[in-house]
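All remarks here apply to the structure that follows.
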Amino acid sequence: MKKYVLILFYTLNFHLFAQVGIGTSTPDASAALEIASTTQGFLPPRMTAAQRDAISNPVEGLVIYCTDCGLNSSGCLQVYQDAEYKTLFTKNHFIGELYGGGVIFHLWEDETGQHGLIVSPIIVDSDLQWSNIVSTSCGANSIWDGYSNSQLIMSQSGHNQSAALSCSNYSGGGFSDWYLPSYSEANLLRDTQGIVNSTLASNSNFDQLGKGDYRWQETIVTSTEAGTNYYLYINLGPCNNGGQQSKSSASNSYKIRAIRKF
């Protein structure tokens, strides 16, 4: 009988005050629930994306921890908002940040979090032609997907040397996913070269953009073909034609920059 009286007392107390304190007898007046601890954390429900999507009629503001919704199937904290689950970011990156083995030069966001493009802080190779195969097209004609272009260049029959291979072999920051940028990716680098250079200038071991080839101007070699034996490139630097977009013979040699994604 005593047990039932206590249950009734706590039930009435909960409804009267509409507050719950765990680890504290005095929850803050603005909180319906307050959990106090210096040795433990709050663990929300953990589930896969498939289990999350099986929740019927999720309410706005529902919070879960999705164990495979993050980048490379990692876990992330998510909230249901505007008819979709959105990832709560733990870090906001910025253009010019030293991160992931280089310097961030472009950022975007999607449902899995924040992503970006990183340029190598050094010139990967100082004198290298686009490919040792110059007589046939390899189909590397994407203007935005440098990684796929690079794979096509390196898969050519008889291939043994190229700008793409040099980037692929680069391991700056301990990463092995570097590649030769596409035309559009090189354009994005050109647009932010001032910010990127302010970071590169902070370390004497880094190579600033725009210093390297013709008239103290760096030529950004891209992985985008412009017909058989030609590829697109972009000039950087203080010259009047800095930012020029043009094409070059695949047999010409230039300095090489690598990029990677995160």
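Quick notes
- Rounded to the nearest Hz, the phi-derived 3J(HN,Hα) couplings of the stretch 144-158 under the Karplus curve 6.51 cos²θ - 1.76 cosθ + 1.60 (θ = phi - 60°) are 10, 10, x, 5, 5, 4, 4, 5, 5, 4, 6, 8, 4, 5, x, where x marks glycine and proline.
- Protection-proxy order for peptides 195-208, 119-132, 176-189, each taking the mean of Cβ atoms within 10 Å per residue, highest first: 176-189, 119-132, 195-208
- Cβ-based net charge around residue 21, under 13 Å, with every Lys or Arg adding one and every Asp or Glu removing one: -2
- Solvent exposure of residue 142, expressed as accessible area, is near 30 Å², computed with a probe of 1.4 Å over the protein chains only.
- Segments 101-111, 143-153 sorted - mean Cβ within 10 Å per residue, highest first: 143-153, 101-111
- For the stretch 77-229, the equivalent ellipsoid derived from the Cα gyration tensor has semi-axes of 29, 21, 13 Å, listed largest first.
- The value given for the stretch 117-168 is a Kirkwood hydrodynamic radius of 11.8 Å, derived from the mean inverse Cα-Cα separation.
- Annotation: average projected area of the stretch 18-59 is 4.6 square nanometres, based on the convex hull of Cα atoms across all directions.
- Separation in nanometres of the label points that stand 7 Å from Cα toward Cβ, at residue 177 and residue 144: 1.9 nm
- Accessible surface, 1.4 Å probe, highest first, among residues 257, 52, 46, 190: 46, 190, 52, 257
- Accessible area per residue for the stretch 120-197, computed on protein heavy atoms with a 1.4 Å probe, is 43 Å².
- Amide H within-cut-off set for residue 223, under 5 Å, with H built and near neighbours excluded: 182, 183
- Rounded FRET efficiency, nearest 0.05, which uses the C-beta distance separating residue 55 from residue 32 and R0 of 25 Å: 0.70
- For the stretch 54-159, the equivalent ellipsoid derived from the alpha-carbon gyration tensor has semi-axes of 39, 19, 11 Å in decreasing order.
The values are calculated or read from the model by the stated rules, or taken from the named source; none is laboratory data. As the structure is a computational prediction, the values presented were derived from the model and not from experiment. For neighbour counting, all protein chains shown are included, and Cβ atoms are generated from backbone atoms with ideal geometry for every residue, glycine included. When the accessible area is computed, the model is the full protein with side chains, heavy atoms only, and any ligands, DNA or RNA have been set aside. Shrake-Rupley method; radii C 1.70, N 1.55, O 1.52, S 1.80 Å.
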